Structure formats: structure tokens, C-alpha cells
Amino acid sequence: MRKLQNILVTGGAGFIGSNFIRYLIKNINFSGLIINLDLLTYAGNKNNLSDLELYQNYIFEHGDICNPELIKSIFKKYNIDTIVHFAAESHVDRSILEPDAFIKTNIIGTFTLLDTARNIWKDRQDVLFHHISTDEVYGSLGESGFFTENTPYNPRSPYSASKAGSDHLVMAYNHTYGLPVTLSNCSNNYGPFQFPEKLIPLMILNILEGKPLPIYGDGKNIRDWLYVEDHNDAVWTIINKGKLGENYNIGGENEWENIKLLNELIEIISKKIDKNIDSIKETITYVKDRPGHDRRYAIDCTKIKNELGWRQSIEFYKGLEITVSWYLNNIKWVDYIRSGEYKEWINKNYEYRN
């Protein structure tokens with residue numbers, strides 16, 4: 001087990017990052033410093049962690065991971081020994097329309113963090129850079145098979161290409177400079193605080209508001225779903241016990257066609273809001289498929305299970321129930337999130353998700 005003291009969490013005001021910080025405080029009772037660095041773009045929200053602001057070891061820093069002087073000052077100010085790098089532009093649809101932001105944040109930002117760590121940590125081996133990535137770097141699967149840690153990279157969108165580039169940089173810094181790194185590639189996450197542009201919260205909110213439920217293509221694209229707390233438990237396991245220079249796949253082993261997932265959500269929500277299932281299903285709208293839409297993702301997470309002892313703990317139906325209830329009880333959070341830059345972007349790109 002590594003002795004972690006001062007953790008820099010990049011993108012800690014986003015969906016997975018904020019849940020990770022809450023996991024450290026609520027589940028682990030982590031005693032070191034937790035420094036949350038976030039630029040607070042449209043998907044970052046300090047309110048995601050408003051209940052933790054009085055926690056004495058939690059510190060928020062507003063800033064850009066592409067700013068080397070800022071990163072250097074944070075390293076020195078807080079004596080950072082661990083980086084957990086969540087910060088990323090992460091939505092495929094946005095990357096198709098605005099790829100430049102993805103190149104800047106996901107590649108240049110990761111390079112800035114790596115190079116600062118290399119120059120400040122020098123030859124230290126009691127430090128760690130953990131990089132959060134996605135299963136989308138592997139490309140698309142057919143009807144059978146799974147992504148393993150040895151699957152060749154085959155990114156097919158500007159988003160996945162930018163994440164593939166950042167993954168390669170992380171591993172290059174390990175091989176070239178000896179920087180202590182670990183890397184994880186995870187399947188689709190869901191849970192509280194997820195931004196409303198993503199599939200599950202989008203469908204939940206559209207059902208509540210009586211809006212059309214847009215499904216790309218024939219609705220049979222398949223994704224592997226993992227509850228966000230299980231993801232963060234896996235990350236914690238890796239940064240404590242993972243082998244340096246290794247990547248670990250994290251998955252739910254839980255494949256769902258998009259249309260079947262939507263029907264499951266409809267069934268759960270209809271019971272909670274006492275609305276007729278058939279009337280909700282009538283609003284399902286099949287829309288033109290996303291360019292280059294990958295057909296199927298599925299993760300083989302044998303390595304992290306066998307080598308590090310991690311297991312999923314939240315059964316999918318339970319996770320969906322928790323997630324739906326959270327959105328029903330946090331409409332004020334949703335309204336706040338959708339009132340700023342996100343609303344402006346939707347108005348500009350009016351075909352998006354319609």
C-alpha cells in the first residue's frame with residue numbers, strides 16, 4: 001500500500017471527480033490534503049461539493065490545467081505527492097462540433113501536468129500520477145469479444161482520439177523519464193451529479209418534462225454501465241495497490257442496448273411519478289445517428305479483479321433507482337446547471353440531442 005499524503009484531483013468539480021472527492025472524505029476518511037483544481041467550465045460546478053466545503057483538509061483551486069505556472073505553484077504550495085487526473089472534455093457529440101477544446105484540454109492539459117510533475121518530482125518514487133481514461137480509446141466491438149488491457153487503440157471520434165493521445169503521453173513519461181504512473185480505462189459511468197447532456201440524466205429529465213426521448217440510429221448501440229462509486233472505489237484501489245506503469249480496465253460487466261436501457265428508465269420513473277408507461281414510450285424519437293457512432297463497448301476487467309481484488313458492489317437496477325431518485329430530489333441543481341453556458345451552447349447547436 002502506498003502512503004498518500006496530498007492528492008491533487010483535477011476536474012474535481014465535475015461528475016466523476018466530485019464523486020471521487022466525496023468518496024475519499026465520506027468512505028475512506030482520507031486524512032491528507034485534497035486539492036481540487038477545476039476551471040469550472042460548463043460541466044464543472046462547485047455546488048457539487050458544497051456539503052464538503054467545511055471539511056478542513058479539502059481545498060478548492062480555480063484554474064486551468066494548461067497553465068504551467070499555476071500547476072507549478074500548486075505543486076509547491078501543497079507539496080503534492082499524488083495526482084488523480086479526471087479533468088477532461090468528455091462528450092463525444094461536443095467533440096464532433098468543437099474538437100479544438102478537446103485537443104487543448106485532454107492533450108495539452110495532460111502534457112502540462114506530466115511535465116510539471118516530472119520537473120518537480122524529479123527521480124522520486126514515492127509519488128504517483130494516475131490518469132483517468134475511457135474504453136472509447138479502443139474503438140468499437142462486434143457482437144462478441146471484450147476490450148482488454150492489450151487491445152490495440154483505435155479511437156474513432158475527436159474525443160476518443162484526444163484521450164488516446166493523453167494515454168500515450170502518460171505511458172511515454174513513464175518509459176522515458178521514469179515518472180511513476182498508473183492508468184485506468186473505464187466504461188460508461190452513471191449516478192448523482194452527472195451532467196444533463198449524458199444519456200441517463202438526459203432521458204430522466206426529458207421524461208419528467210414531457211420532452212421527446214431522442215435515440216440515435218436504431219437504438220441498439222451497446223454500452224457497459226458502471227455506477228460511479230464503484231469506479232471511484234476502483235481508482236482508489238489502483239492508486240494504492242496498482243503496479244507502476246500498468247493500465248487497468250474498469251467495467252460494470254453490464255451491457256445494455258440504449259433502447260432497452262431507456263425502456264428500463266421509463267418503467268422506473270413511471271412508477272415514481274405515477275405516469276402511464278405507454279404515454280411516455282410514445283415520446284421515444286429515433287434520430288439520425290451520430291457520425292462514426294461506435295456500435296458496442298464491453299470491458300474485460302479480469303486484471304483488476306485478479307491482481308488488485310476489486311469488485312463491483314452496486315447492482316445495476318439498484319444504481320438506476322438511486323440515480324433516478326437523486327435527480328427527482330435535486331431539480332434545483334438541474335435548473336442551476338442548465339441555466340448558464342450549457343443553455344447557450346444548446347441554443348447555438350439547436351439540432352443537438354433533438
Open item on the list: Place a point 7 Å from the Cα of residue 101 along the Cα-to-Cβ direction; which residues of the range 38-55 have their backbone N under 20 Å from it?
Closed with: 38-48
TODO: May I ask you to work out the translational diffusion coefficient for the range 155-299 at 37 °C, viscosity 0.692 mPa s, via Stokes-Einstein with Rh from the Kirkwood sum over Cα pairs, reported in whole µm²/s?
DONE: 189 µm²/s
TODO: Let me have the relative contact order for the range 143-252, percent, based on Cα pairs under 8 Å that are six or more residues apart.
DONE: 39 percent
Task: In the range 1-134, lysine pairs with alpha-carbon atoms under 22 angstrom apart (chain gap of 8 or more, or interchain) - done: 10
Task: Residues of the range 278-320 with amide N under 17 Å of the 7 Å Cα→Cβ point at residue 267 - done: 278-282, 315-320
Task: Cα gyration tensor, the range 107-192 - rounded (a/c under 1.5), prolate or oblate - done: prolate
Task: Sum of -39500 (n - 2.57) over DSSP H runs of 4+, divided by residues of the chain (222 nm, nearest 500) - done: -12000 deg cm²/dmol
TODO: Specify the inter-centroid distance of the range 1-70 and the range 253-330, based on alpha-carbon positions, in whole Å.
DONE: 27 Å
Open item on the list: Can you compute the modelled spin-label distance between residue 126 and residue 260, with each label point 7 Å from Cα toward Cβ, in nm?
Closed with: 5.1 nm
Task: Proportion of all alpha-carbon pairs of the chain beyond 37 Å (%) - done: 15 percent
Task: Least to most buried among 84, 287, 334 (fewest other Cβ within 10 Å first) - done: 287, 334, 84
Open item on the list: Within a 10 angstrom radius of the beta carbon, how do 186, 66 rank from fewest other beta carbons to most?
Closed with: 66, 186
- [ ] Give me 40, 70 ranked fewest to most by other Cβ atoms within 10 Å of their Cβ, as a rough exposure proxy.
- [x] 40, 70
Task: Förster-model FRET efficiency, 41 Å R0, residue 295 and residue 209, C-beta, rounded to 0.05 - done: 0.85
Task: Relative contact order (%) - criterion: Cα under 8 Å, at least six apart; region: the chain - done: 18 percent
Task: Counted charge near residue 71, where neighbours are those whose Cβ lies closer than 12 Å (Asp, Glu -1; Lys, Arg +1) - done: 0
Open item on the list: Would the range 1-104 count as rounded, prolate or oblate if I go by the C-alpha gyration tensor, calling it rounded below 1.5 in a/c and otherwise prolate when a/b exceeds b/c, oblate otherwise?
Closed with: prolate
Task: Nitroxide proxy distance, nm - points 7 Å out along Cα→Cβ at residue 318 and residue 47 - done: 3.0 nm
Open item on the list: Which of rounded, prolate or oblate describes the range 166-236 when judged by the alpha-carbon gyration tensor and an a/c cut-off of 1.5?
Closed with: prolate
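Any read-out appearing in this document is the output of simple, stated calculations on the displayed coordinates, not a laboratory observation. Since this is a predicted model, take the numbers as computed values, not measurements. In this analysis, Cβ positions are derived from the backbone assuming ideal geometry, glycine residues included, and neighbour counts consider all displayed protein chains.
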